[in-house]
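Only one structure is covered here, and it is reproduced in the block below.
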Amino acid sequence: MIKIRQGWVKKGQNLILSNIKKDENGCWVWQRYVAPSGYAQGWFFETDESRKRFWLIHRLSFSAFVGRITEGLVIDHLCRNRACQNPEHMELTTHRVNLLRGVGAPAQQARKTCCLRGHPFNEENTYTPPSGGRYCRKCKEAKREQQREWSRKFYRNNREKCLEWGRICY
């Protein structure tokens with residue numbers, strides 16, 4: 001959890017407001033260093049020159065303008081602009097909720113209601129392994145049957161070789 005010290009809240013607010021440019025969407029776009037990931041980053045002196053700390057600037061902005069960031073929660077940019085520092089465009093959420101609101105692969109997969117072959121992702125037809133993800137039971141069974149059929153054909157066509165290898169031939 002980030003601890004807020006009264007002495008640096010105003011200093012943090014001033015730092016944010018002096019290094020942003022407001023755009024037409026209401027975003028406060030950071031004008032200093034923005035990492036390749038799209039997030040603004042920088043060093044901030046909390047109280048004096050001896051307490052220098054590296055910050056993701058959106059976390060500093062949220063802490064300075066809104067309040068504490070609770071442990072286990074992350075900041076979601078509701079405007080989808082990672083360089084935005086406007087605390088009105090930010091919300092504390094769990095990491096999972098943040099991922100599912102996004103546009104990345106996990107979010108796209110979670111929004112799917114059927115598999116590639118059109119079978120519905122419902123309780124009876126969906127298998128969820130302990131490692132995560134989900135699979136269509138009908139497609140998985142069809143693939144298993146296809147593999148069995150391929151094995152049968154292979155061993156039928158290669159009976160002599162199978163005997164040499166010590167395998168059971170169908």
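The values are calculated or read from the model by the stated rules, or taken from the named source; none is laboratory data. This one's a predicted model, so the numbers in the text were calculated from it and none came from an experiment. Using ideal geometry, Cβ is built from the backbone for each residue, glycine included, and neighbour counts are taken over all protein chains shown. Remember, those area values only see protein heavy atoms, side chains included, never the ligands or the DNA or RNA. Shrake-Rupley method; radii C 1.70, N 1.55, O 1.52, S 1.80 Å.
Give me the pairs: first residue in region 100-127 and open to solvent by 100 Å² or more (accessible area, probe 1.4 Å), second residue part of a helix (DSSP H, G or I) and modelled with pLDDT of 90 or more, beta-carbon distance under 8 Å, and six or more apart or on different chains, which are they?
Leu116/Cys139; Arg117/Lys138; Arg117/Cys139; Glu124/Arg137
Quick check on region 29-37. Is at least one of its residues open to solvent by 50 Å² or more (accessible area, probe 1.4 Å) and part of a helix (DSSP H, G or I)?
no
All but one of (1) surrounded by fewer than 15 Cβ atoms within 10 Å (Cβ to Cβ); (2) within 30 Å of Ser18 (Cβ to Cβ) hold for Met90; which doesn't?
(1)
Which one of these does Thr93 not meet: (1) closer than 30 Å to Phe65 by Cβ; (2) touching a helix residue (DSSP H, G or I) at 6+ places or on another chain (Cβ under 6 Å); (3) of a type in the set (Ser, Thr, Tyr)?
Unmet condition: (2).
Within region 13-24, is there a residue that is closer than 30 Å to Gln108 by Cα and at pLDDT 85 or above?
yes
List the pairs whose first member sits in region 66-90 and is at positive phi, whose second member is open to solvent by 20 Å² or more (accessible area, probe 1.4 Å) and of a type in the set (Phe, Trp, Tyr), and whose Cβ atoms are under 7 Å apart, counting only residues at least 6 apart or on separate chains?
Close Cβ pairs satisfying both conditions: none exist.
Might you let me know whether region 154-169 holds any residue that is at pLDDT 90 or above, among the hydrophobic types (A, V, I, L, M, F, W, C) and surrounded by 10 or more Cβ atoms within 10 Å (Cβ to Cβ)?
For region 154-169, residues at pLDDT 90 or above, among the hydrophobic types (A, V, I, L, M, F, W, C) and surrounded by 10 or more Cβ atoms within 10 Å (Cβ to Cβ): absent.
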